[in-house]
Amino acid sequence: MKDITLLAIESSCDETAAAVVKNGREVLSNVIYSQIALHTEYGGVVPEIASRKHVEKINQVIEQALADAGVTLTDLDGIAVTYGPGLVGALLVGVSEAKAISFATGLPLIGVHHIEGHICANYIENKELEPPFVCLVASGGHSHLVVVKDYGEYEIIGRTRDDAAGEAFDKVARAIGLGYPGGPKIDKLSKEGNPDAIAFPRAKVDENEYDFSFSGLKSAVLNYLNGCQMKGEEVNRADVAASFQKAVIDVLVEHSIHAVKEYHFDKFAIAGGVASNSSLRKAFEERCAAEGIRFYHPSPIFCTDNAAMIGAAGYYEFVKGVRSGYDLNAVPGLKLGER
């Protein structure tokens with residue numbers, strides 16, 4: 001079978017990224033321009049600023065990706081691009097760029113679902129991983145438990161009812177004065193704290209045993225902080241971070257392992273920004289080892305938003321014959337499994 005080489009573009013939030021990926025699993029280049037420093041002073045991503053920065057950087061990032069891979073546009077077989085979900089203005093920059101390159105070169109265009117990209121990030125370094133398996137996608141905007149039935153075929157069996165895991169991390173980090181981005185800062189501070197110091201709640205959703213809810217946990221942390229302030233008690237921020245993080249991890253691990261066993265799989269993967277949390281990885285490694293489940297996870301560079309994962313997902317769409325027209329548009333609320 002002929003090698004398939006794709007240029008992939010990702011611009012769904014605050015990373016402008018481009019990559020060249022061969023056969024879905026071999027990354028020839030992976031360039032990411034992160035806007036974190038730009039948004040930190042605002043305490044979170046400002047959509048308008050993100051969109052303008054994408055416009056400014058996207059050509060440079062693509063040129064760098066092609067140069068790093070040692071290829072030109074004539075060496076490519078297609079262009080894969082994230083078209084949802086995400087910030088509409090940010091998505092439009094990547095989609096417009098991909099359509100322009102496709103139109104100018106005649107290369108096929110493949111619209112890729114952002115969450116599907118996160119799941120497919122697991123294929124890059126785990127060459128032996130093939131469906132079916134269960135995957136937990138945990139990021140700033142999403143907390144999904146997904147049964148990966150086949151390449152490009154997914155069933156969401158659990159989702160968050162309110163805050164996503166990463167969103168809860170950001171809000172709690174802000175409340176204890178750590179700032180943005182919250183996930184890495186809580187992960188770091190929690191290493192100095194006692195995870196059993198404060199008993200924060202673990203929510204269960206009655207209607208669906210696989211669903212998540214983190215707003216109650218977030219409220220419990222805020223109530224604890226307010227209580228300490230009213231009583232004039234000093235807050236041990238490391239203990240708060242460690243106890244909060246353990247409460248999130250306990251729920252993510254319990255629901256995920258329960259799903260793997262109920263669906264009779266022996267493979268489990270994690271994906272998304274929260275998947276780079278060192279305590280979460282350790283908890284899953286230990287639990288999967290105890291349960292005889294094979295555990296897969298991408299390196300941290302492939303957990304954050306990147307284009308290599310879009311190239312991986314795009315490849316499996318490409319070989320199935322999926323092609324997008326020039327009417328491809330940004331779909332900010334795109335559901336997994338929709339086209």
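Hey, which lysines would be in cross-link range of Lys267, C-alpha to C-alpha under 18 Å, not counting anything within fewer than 8 residues on its own chain?
Lys127, Lys149, Lys282
Under 21 Å Cα to Cα from Lys171, which lysines show up? Leave out anything in the same chain fewer than 8 places away.
Excluding near neighbours in sequence, the set is Lys185, Lys188, Lys191, Lys204, Lys218, Lys246.
Taking amide H positions as placed in the peptide plane 1.01 Å from N, state which residues far from Arg294 in sequence (5 or more) or on other chains have amide H under 5 Å from it.
Under 5 Å from the amide H of Arg294 lie the amide H atoms of Lys267, Phe268, each far enough along the sequence or on another chain.
Got a sec to turn the phi values of the stretch 61-77 into Karplus ³J(HN,Hα) couplings, 6.51 cos²θ - 1.76 cosθ + 1.60 with θ = phi - 60°, whole Hz, x for Gly and Pro?
Each residue's phi maps through the Karplus curve to give 5, 5, 4, 5, 5, 5, 5, 4, 7, x, 10, 10, 4, 6, 8, 8, 10 Hz.
Quick check on the chain: helices-only [θ] at 222 nm, where DSSP H runs of length 4 and up contribute -39,500 (n - 2.57) each and the sum goes over total residues. Nearest 500, please.
On the way: 11 runs with 151 residues, N = 339.
Result for the chain: -14500 deg cm²/dmol, rounded to the nearest 500.
Of the chymotrypsin sites (Phe, Trp or Tyr not before Pro) in the stretch 24-103, which ones lie in a loop per DSSP and count no more than 11 other C-beta atoms within 10 Å?
Numbers: sites: Tyr33, Tyr42, Tyr83, Phe103; in loops: Tyr42.
Here the chymotrypsin sites (Phe, Trp or Tyr not before Pro) that fit, given the DSSP loop and packing criteria, are Tyr42.
Would you grab the residues whose amide H sits under 5 Å from the one on Thr160? Only those 5+ places off in sequence or on another chain, please, with H modelled 1.01 Å from N.
Ser143, Phe212
At R0 = 35 Å, how high is the FRET efficiency between Ala290 and Lys335 if r is their beta carbon distance? Nearest 0.05 is fine. Walk me through the intermediate numbers first.
Numbers: r = 34 Å, r/R0 = 0.97.
Between Ala290 and Lys335 the formula returns 0.55.
Could you tell me whether the stretch 11-119 comes out rounded, prolate or oblate from its Cα gyration tensor? Rule is a ≥ b ≥ c as square roots of the eigenvalues, rounded for a/c under 1.5, then prolate if a/b exceeds b/c, otherwise oblate. Don't skip to the answer; put the middle values down first.
On the way: a/c = 1.76, a/b = 1.64, b/c = 1.07.
In terms of gyration-tensor shape, prolate.
Any idea what angle helix 278-291 forms with the longest principal axis of the chain, computed on alpha-carbon atoms, 0 to 90 degrees, nearest 10?
Value to nearest ten degrees: 90.
So if R0 is 41 Å, what FRET efficiency would Glu56 and Asn223 give, r being the distance between their Cβ atoms, rounded to the nearest 0.05?
Working: r = 42 Å, r/R0 = 1.03.
Efficiency, from the Cβ-Cβ distance: 0.45.
Between rounded, prolate and oblate, where does the stretch 130-298 land on the alpha carbon gyration tensor, with a ≥ b ≥ c its root eigenvalues, rounded for a/c under 1.5, else prolate if a/b exceeds b/c?
prolate
Please list, short to long, the whole-number percent of alpha-carbon pairs of the stretch 202-339 in consecutive 10 angstrom bins beginning at zero.
In whole percents, the pair-distance histogram is 9, 27, 31, 21, 9, 2, 0.
Mind ordering 9-17, 264-272 by average Cβ neighbours within 10 Å, highest first? Spell out each step's value before the answer.
On the way: 9-17: 28.2, 264-272: 21.1.
Descending mean neighbour count gives 9-17, 264-272.
In debye, nearest 20: dipole of the chain around its Cα centre with unit charges on the Cβ of K, R (+) and D, E (-)?
On the way: 32 positive and 45 negative charges, 44 e Å.
Rounded to the nearest 20 debye, it is 200 debye.
Return the FRET efficiency for the residue pair Gln64, His264: r is the Cβ-Cβ distance, R0 is 56 Å, and the value is rounded to the nearest 0.05. Spell out each step's value before the answer.
Numbers: r = 45 Å, r/R0 = 0.80.
Efficiency computed from Cβ-Cβ geometry: 0.80.
Relative to the first principal axis of the alpha-carbon coordinates of the chain, what is the inclination of helix 88-105, with its axis defined by its Cα atoms, in degrees from 0 to 90 and to the nearest 10?
For helix 88-105, the angle is close to 20 degrees.
Any read-out appearing in this document is the output of simple, stated calculations on the displayed coordinates, not a laboratory observation. Just so we're clear, the structure is a prediction, and the values are computed from it rather than from any experiment. No Cβ is skipped: glycine too gets one built from the backbone with ideal geometry, and neighbour counts run over all protein chains shown.
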